[in-house]
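The values are calculated or read from the model by the stated rules, or taken from the named source; none is laboratory data. As the structure is a prediction and not an experimental result, all values here were calculated from the model. Note that each Cβ is placed from the backbone with ideal geometry, even for glycine, and that neighbours are counted across all protein chains shown. With ligands, DNA and RNA removed, areas are computed over all heavy atoms of the protein, side chains included. Shrake-Rupley method; radii C 1.70, N 1.55, O 1.52, S 1.80 Å.
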Amino acid sequence: MRVSLLPVVFLISLGLIACDREAEEADLNEEPPDEQQRITASIPLLVGTPSSVAVDPVSEKIYVAYTDVDVLSVLSTDSLELTATVDLPAGGLHSVAVNPASDKVYVANSTDGTVYVLDGDTNEVIKRLQVPNGSVTHHATAIITDPDTNRIYVSRVDGQEYGMTVIDGDRDVAVGKVALNGPAHAMAFDSTT
């Protein structure tokens, strides 16, 4: 059985690399043949340092955040071309996540501890959230979404304290905080548990 998937996208310092992924029913311990996974495109990005990439499989968009440019790039998964840019105030767009269930995009700003909520259809900012903090050294460092529960998780560094803020995606408001033992610069989500 052959399954076609959206391109796999890798973020590198100069741009994006897109790879085809076709999977066959096979032993998962075997290496795939070279023709199954190959680089299909090298995608130049805006001048700046890309920090995060997210793919929305429903709207077929790729979002790229930059640490030193106040812009979020939007690319098409079909053409792999830039289709829009979204101007966001303040640099330090550290992480981007997509919630395909609600068609919203969340961008964590590490400079001022805010999260921008965008409408996935229009790419318009619909809300700016201040992630709860206690000092001026607060930074939002990573963000992920759980489409099943419509919760967004934002890791934060507040001086020497580390934590995670939980956001309700229906209302886009913070509903909880969790203390962490150290900084979380990246997070992953397991939809099977």
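Assorted remarks:
- When the criteria are applied in full, Arg128 meets the requirement of being touching a Ser or Thr at 6+ places or on another chain (Cβ under 6 Å), on the phi < 0 side of the Ramachandran plot and at pLDDT 80 or above.
- Residue check for Tyr116: surrounded by 15 or more Cβ atoms within 10 Å (Cβ to Cβ), farther than 26 Å from Ser73 by Cβ, modelled with pLDDT of 80 or more and of a type in the set (Phe, Trp, Tyr): no
- Residue within the stretch 62-80 that is part of a strand (DSSP E or B), charged (D, E, K, R) and open to solvent by 30 Å² or more (accessible area, probe 1.4 Å) present: no
- Of all residues in the stretch 41-56 being farther than 14 Å from Leu75 by Cβ and not hydrophobic (A, V, I, L, M, F, W, C), the one that is modelled with the highest pLDDT: Ser51
- Entry remark, the stretch 85-113: residues being crowded, with 22+ Cβ neighbours inside 10 Å and at pLDDT 90 or above number 8 in total.
- In summary, Asp172 fulfils each of the numbered conditions (1) modelled with pLDDT of 90 or more; (2) touching an Asp or Glu at 6+ places or on another chain (Cβ under 9 Å) with the single exception of condition (2).
- Residue within the stretch 120-140 that is surrounded by 17 or more Cβ atoms within 10 Å (Cβ to Cβ), more than 29 Å from Gly182 (Cβ to Cβ) and touching a strand residue (DSSP E or B) at 6+ places or on another chain (Cβ under 8 Å) present: yes
- Among the residues making up the stretch 144-163, those that are under 21 Å from Ala65 (Cα atoms), under 16 Å from the mean Cα position of the chain (by Cα) and not hydroxyl-bearing (Ser, Thr, Tyr) are Ile144, Asp146, Pro147, Arg151, Ile152, Val154, Arg156.
Residue-by-condition table, conditions (1) open to solvent by 10 Å² or more (accessible area, probe 1.4 Å); (2) of a type in the set (S, T, N, Q); (3) over 23 Å from Ser51 (Cβ atoms); (4) without any contact (Cβ under 8 Å) to a residue 12 or more places away in the chain:
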site: Asp148; (1), (2), (3), (4): yes, no, yes, no
site: Gly163; (1), (2), (3), (4): no, no, no, no
site: Val166; (1), (2), (3), (4): yes, no, no, no
site: Leu180; (1), (2), (3), (4): yes, no, no, no
site: Phe189; (1), (2), (3), (4): yes, no, no, no
